[in-house]
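I have placed the structure first, in the form of structure tokens, so that the comments after it can refer back to it.
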Number of protein chains: 2
Amino acid sequence: MSLATDAADKPTLYKRIRADIEKRILTGEWPPGHRIPFEHELVARYGCSRMTVNKALSELAQADLIERRRRAGSFVRRPQHQSAVLKIADIRAEITALGRSYGYELIHRKLRAATASDRERLGVKKAGKVIAIACRHSADNVPFAVEDRLIDLSSVPEAATADFVREPPGSWLLHHVPWTEAEHTISAVVADDRAAEVLDIAIGAPCLVIDRYTWRGPRTITAVRLLYPGDSHRLVARFKGG
Amino acid sequence: MSLATDAADKPTLYKRIRADIEKRILTGEWPPGHRIPFEHELVARYGCSRMTVNKALSELAQADLIERRRRAGSFVRRPQHQSAVLKIADIRAEITALGRSYGYELIHRKLRAATASDRERLGVKKAGKVIAIACRHSADNVPFAVEDRLIDLSSVPEAATADFVREPPGSWLLHHVPWTEAEHTISAVVADDRAAEVLDIAIGAPCLVIDRYTWRGPRTITAVRLLYPGDSHRLVARFKGG
DNA sequence: TTGACTTATATGTCTAGACATATAATCGTG
DNA sequence: CACGATTATATGTCTAGACATATAAGTCAA
């Protein structure tokens, strides 16, 4: 028999320290505001060097589980209910993850000079060209979401050469634009006649709306509105405690 | 003069290394998949020890900006659009932050033995007592949200002694229960007659729903449903890039 | 009491090494 | 060519120190 004696091969020491402290916080044994043992105390308790406990504490601080204050010590932070991690999966991934077949359909694609309302929606001042796209995503041939998108061509000139007939613009952008930042706004509306027709639902049915605004550095990339039938779609946000 | 040659007191070295790399990723100079210089190369470039560049790279890895692979190197990860930080503020804080006056009203509070549907909603198997609460939050005396909550008394026995007449249950729990985890589910519905009456909106108006399920370790704490008039409330989730 | 000054101390950062370990790449062999 | 064994190497973890620095706490004078 090899050397895996008991539980799994123990993780590294700093991870064990980190997990020990995390457990005491999670169970409430060390409530918010509680002062965690000083580094030199943990050094004594675990018989290791200060750098090792420092690494454990630094990671806990980066995860917002504790707060470190010079000369004072490290303290358990109070839970941040107001901050949760929202998973907004790529639509294709979301549908295939459910074991359903993904379908995509371009409704229209238009290249045009940015109108005033385009500029407002993209948050840019200068005139320029944009691509306006409407398309539909479906699962097992049932409409799943309708997408309404604007791409700023001055930020993504390559987009002019893509026709978006086979590949959804979201996936195309993901593969052609480097790292981006994004902001999502979630709201609820009732389906108007156009949405009702495209999604094959009743006029007045509740819909979940995600408006996603994406940019890189100071440059706007794209603004997109996704409309989901309210009874078939939910967003799940999980609080991240480490 | 010491060795701080140019600009202001530069941040610490590892932070500068981290920022340098981050910038190249953000601008797209190093696209997803690109191999970041090896630690020993960065050591040479910055003239520091390996621990210093290791700390910079470890933090970038913890922030999911890069991926580290033994023997292979460190690589820029592709943007994780599917993960965003959702701010779900405390309702009182949210309203007062808008400069409006906060109002709270208890509609009913009932202590009872858990019914089958209570147990299902809380995700517990054993019978026990619960508190069921309905209340309303308002801004400048206009209904803002209606709250429907279940508290598991076997997890939070002290809740039996709180009347929730002045203090909303969310805020009470925040101050009486240690660290918790939570899961939020967001969906859209139309107002039924009861919701329409409490929120003073039309029947059939769109509403945003947040279902929050909170627990600590294995113990369920509370399940709450918040219903917001769809035209007056939005959730904002910002992509966290580090 | 209050404000200015001093001191003690916990964290923040860094070094120049060390050994461990996973794995990409290479080499041999059937 | 296929596949197993070997090797090289980049990262992972750790040490025993060092000095820097912010700041809580104490000291002292106005």
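The values are calculated or read from the model by the stated rules, or taken from the named source; none is laboratory data. Just so it is clear, the structure is predicted and the values come from calculations on it, not from any experiment. So basically every Cβ, Gly included, is an ideal-geometry build from the backbone, and we count neighbours across all protein chains shown. Note: accessible area is taken over every heavy atom of the protein model, side chains too, but ligands, DNA and RNA are not part of it. Shrake-Rupley method; radii C 1.70, N 1.55, O 1.52, S 1.80 Å.
Which residues, taken from region B:53-75, are open to solvent by less than 60 Å² (accessible area, probe 1.4 Å) and under 30 Å from B:L235 (Cβ atoms)? Steps first, answer last, please.
Of the residues in region B:53-75, the ones open to solvent by less than 60 Å² (accessible area, probe 1.4 Å) are B:53-54, B:56-61, B:63, B:65-66, B:72-75.
Answer for region B:53-75, where residues must be open to solvent by less than 60 Å² (accessible area, probe 1.4 Å) and under 30 Å from B:L235 (Cβ atoms): B:E59, B:L60, B:A61, B:A63, B:L65, B:I66.
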Scanning region A:17-56 residue by residue, the ones that are near DNA strand C (Cβ under 8 Å from one of its atoms), within 14 Å of chain B (Cβ to nearest Cβ) and not basic (K, R) total 3
Pairs under 8 Å by beta carbon, first residue without any contact (Cβ under 8 Å) to a residue 60 or more places away in the chain and among the hydrophobic types (A, V, I, L, M, F, W, C) in region A:29-48, partner open to solvent by 70 Å² or more (accessible area, probe 1.4 Å) and within 14 Å of DNA strand D (Cβ to nearest atom), six or more apart or different chains? A:V43/A:R50
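Is it the case that some residue within region A:57-80 is closer than 24 Å to A:T180 by Cα, in contact (Cβ under 8 Å) with a residue 12 or more places away in the chain, within 14 Å of another protein chain (Cβ to nearest Cβ) and part of a helix (DSSP H, G or I)?
From region A:57-80, those closer than 24 Å to A:T180 by Cα are A:62-64; that's our starting set.
Now drop any that are not in contact (Cβ under 8 Å) with a residue 12 or more places away in the chain, which leaves A:63-64.
With the extra rule that they be within 14 Å of another protein chain (Cβ to nearest Cβ), the set shrinks to A:63-64.
Subsequent filtering for residues that are part of a helix (DSSP H, G or I) retains none.
No - not one qualifying residue is present in region A:57-80.
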For B:H108, which of the numbered conditions (1) part of a loop (DSSP other than H, G, I, E, B); (2) at negative phi; (3) free of Cβ contacts under 8 Å to residues at least 40 places away in the same chain; (4) not charged (D, E, K, R) fails to hold? (1)
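Which strands (runs of 3 or more DSSP E) does region B:129-198 wholly contain that include 3 or more residues that are under 28 Å from A:L65 (Cα atoms)? Quick ask: steps written out before the conclusion?
On the way: elements: B:129-139, B:142-152, B:181-190.
Ranges flagged: B:142-152, B:181-190.
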Here's a check for you: in region B:131-152, which residue that is farther than 22 Å from B:P206 by Cβ and among the β-branched types (V, I, T) is surrounded by the fewest Cβ atoms within 10 Å (Cβ to Cβ)? B:I131
Inspect region B:78-94 for any residue being open to solvent by 40 Å² or more (accessible area, probe 1.4 Å) and within 15 Å of DNA strand D (Cβ to nearest atom) and give the result as yes or no. no
Quick one: B:L227 ticks every box in (1) open to solvent by less than 10 Å² (accessible area, probe 1.4 Å); (2) within 17 Å of A:V189 (Cα to Cα); (3) not acidic (D, E) except a single one, so which number is it? (1)
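Is it fair to say A:R121 is surrounded by 15 or more Cβ atoms within 10 Å (Cβ to Cβ), within 30 Å of B:I186 (Cβ to Cβ) and within 14 Å of another protein chain (Cβ to nearest Cβ)? Don't jump to the end; show me each part of the working.
Numbers: surrounded by 15 or more Cβ atoms within 10 Å (Cβ to Cβ): yes; within 30 Å of B:I186 (Cβ to Cβ): yes; within 14 Å of another protein chain (Cβ to nearest Cβ): no.
Here the answer is no, as A:R121 does not meet what is asked.
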Lone qualifier among B:K129, B:K125, B:K110 - being in contact with a helix residue (DSSP H, G or I) (Cβ under 8 Å, 6 or more places away or on another chain), of a type in the set (K, R) and modelled with pLDDT of 95 or more: B:K129
